[in-house]
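The values are calculated or read from the model by the stated rules, or taken from the named source; none is laboratory data. Bear in mind the structure is a predicted one, so any value in this text is a computation, not a measurement. Every residue, glycine among them, receives a Cβ derived from its backbone with ideal geometry; neighbour counts consider all protein chains shown.
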Amino acid sequence: MRFAPAAAALSLALAMTASITVGQTRDPDPRAGVLIAQGQSALRAGDTQGAIDAFESALAVDPGYTPTLVYLAEAARADDLQGKAISYYREALARDPHNIAAIAGEGEALAEKGALAKARLNLAKVQSMCGDSCSETRELAAAIAQGPRAPVLTAEANIQPQPQTN
């Protein structure tokens, strides 16, 4: 009986902190917001390295703002760095497992790398979360249908050994 008030207060405190942290969306730090806007305009202009630099700076200013990771992943994909993009998407999903943009983006990056089975799993998740009519579902389905991107050949991979004549 003498522990009942303490237990009630503790359970109330835990319930309040759990409800505050779940589903909380917030605006980024104003300085990070400016950097995010700069990164988005650089990405639209085709300056992927400038966009990556701006997004990384925004992440340094406000490391707790999860959408910055999704923006970084999009810039990495635009720069044909699908592996790096997948790691950014996964970090965003570790913070927010129900982030539809991160799930769909990871699926698109997986499809671009050729991991179509894994991309289809992401498509199923996105379909269950927002249905067939949302843009994320349509874009991911299109990426899966398109298949993997052509591999980039390096100079070393393009060298053919010449037969030796004696």
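Report whether or not residue 121 is part of a helix (DSSP H, G or I) and surrounded by fewer than 17 Cβ atoms within 10 Å (Cβ to Cβ). Spelling it out, residue 121 is indeed part of a helix (DSSP H, G or I) and surrounded by fewer than 17 Cβ atoms within 10 Å (Cβ to Cβ).
For the stretch 90-102, does any single residue satisfy the condition of being among the polar types (S, T, N, Q), assigned to a helix (DSSP H, G or I) and in contact (Cβ under 8 Å) with a residue 12 or more places away in the chain? No; the residues of the stretch 90-102 include none that is among the polar types (S, T, N, Q), assigned to a helix (DSSP H, G or I) and in contact (Cβ under 8 Å) with a residue 12 or more places away in the chain. Can you tell me which residue in the stretch 124-166 is modelled with the lowest pLDDT, limited to those that are among the charged types (D, E, K, R) and in a loop (DSSP other than H, G, I, E, B)? Out of the qualifying residues, it is 156. Yes or no: residue 75 at pLDDT 95 or above and part of a helix (DSSP H, G or I)? Answer is yes for this residue.
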